[in-house]
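Worksheet for the structure shown next.
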Amino acid sequence: MQTSFKYRETVSNDHPALYEMWQATPGITIRNADTFEGFVSFLKRNPGLSFVVENQGQIVGGILGGHDGRFGSIHHLVVLPEFRKQGIGNHLVELSLARIESAGIEKVHIFINKDNPGGNKFWTNKGWVERVELTMASYTF
Ligand SMILES: CC(C)(COP(=O)(O)OP(=O)(O)OC[C@H]1O[C@@H](n2cnc3c(N)ncnc32)[C@H](O)[C@@H]1OP(=O)(O)O)[C@@H](O)C(=O)NCCC(=O)NCCS
């Protein structure tokens, strides 16, 4: 397969391709924040922290990065199955983390579904540590 990967910052127009990829990926939970409006709002709040990777003009992977001024967060890291295990996921993480760190953030969180063994393995292999001492609680409006 001919490959030439181009990494760039995510823009609003990437939404249809990314949304299709998220929907087709087990382990990725789609929520209201993933609509076009939610996506654009996230990018506006977190400029320059999200990236996509293209192969011959087609988006084959992406990552959403953000922070709230205290903690960084990574969401929806996905690489299309046929492009996995070539270091793309790792590079997307590096790009986003470098920008989050530049914003003065010292700790980054990722939420991984418990029933996503591949996703959990990816992060723990990279040295990310499960916070077993914490309870995660959320409030829904
Ligand atoms: C998790 C995910 C993004 C990883 O993407 P990826 O591009 O395959 O990631 P990488 O190639 O950087 O690393 C994946 C593995 O390939 C290995 N690898 C990296 N480059 C490689 C190469 N050139 N040759 C062979 N293996 C390689 C890595 O060591 C890593 O090994 P591991 O699975 O034992 O940890 C991808 O599997 C995915 O989209 N999964 C579904 C969505 C998901 O679960 N997302 C994470 C939860 S938010």
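For Ser50, which sequence-distant residues (separation of 5 or more, or a different chain) have an amide H within less than 5 Å of its own amide H, given hydrogens modelled in the peptide plane?
Under 5 Å from the amide H of Ser50: Thr10, Gly65.
Name the shape class, rounded, prolate or oblate, that the alpha-carbon gyration tensor gives for the stretch 5-125, where a ≥ b ≥ c are the square roots of its eigenvalues, rounded holds for a/c under 1.5, and otherwise prolate holds if a/b is larger than b/c and oblate otherwise.
Details: a/c = 1.25, a/b = 1.11, b/c = 1.13.
Here the stretch 5-125 falls in the rounded category.
Contact order normalised by length for the chain, with contacts defined as Cα pairs under 8 Å and 6 or more residues apart; what percent is it? Intermediate values should be presented prior to the final figure.
Details: 180 pairs, mean separation 30.0, N = 141.
Relative contact order comes out at 21 percent.
For Lys107, go through the lysines and keep the ones whose alpha-carbon is under 27 Å away, minus same-chain ones fewer than eight residues off.
Reachable lysines: Lys44, Lys85, Lys121, Lys126.
Which of the DSSP-defined H helices in the chain satisfy a minimum axial length of 20 Å, computed from C-alpha atoms, and a minimum mean Kyte-Doolittle hydropathy of -0.5? Spell out each step's value before the answer.
Details: long enough: 88-102 (21 Å, 0.41).
Span-like helices here: 88-102.
Residue by residue, what Karplus-based ³J(HN,Hα) values in Hz, rounded to whole numbers, does the stretch 58-63 have, using 6.51, -1.76 and 1.60 with θ = phi - 60° and x for Gly and Pro?
Values, residue by residue: 9, 5, 10, x, x, 8 Hz.
Can you pull out the trypsin sites (Lys or Arg not before Pro) in the stretch 74-141 that DSSP calls coil and that have at most 14 other Cβ atoms within 10 Å?
Lys85, Lys107, Lys114, Lys126, Arg131
Could you give the dipole magnitude of the stretch 63-110 about its Cα centre, charging the beta-carbon of Lys and Arg +1 and that of Asp and Glu -1, in debye to the nearest 20? Before the final figure, lay out the partial values.
Values: 5 positive and 5 negative charges, 17 e Å.
The calculated dipole for the stretch 63-110 is roughly 80 debye.
What longest range of the chain stays clear of loop-exposed GluC sites (Glu not before Pro) (DSSP non-H/G/I/E/B, at most 14 other C-beta within 10 angstrom)?
Working: sites that count: Glu106, Glu130, Glu133.
It works out to 1-105.
With each pseudo-label sitting 7 Å past Cα toward Cβ, what's the Glu82-Gln56 distance in nm, one decimal?
About 0.9 nm separates the two model spin labels.
Per-residue HN-Hα couplings for the stretch 65-71, Karplus 6.51 cos²θ - 1.76 cosθ + 1.60 at θ = phi - 60°, whole Hz, x for Gly and Pro?
x, x, 7, 10, x, 10, 10
Any read-out appearing in this document is the output of simple, stated calculations on the displayed coordinates, not a laboratory observation. Predicted model, so just to flag it, every value in this text is computed and none were measured. As a convention, Cβ positions derive from the backbone with ideal geometry for all residues, glycine included, and neighbour counts pool all protein chains shown.
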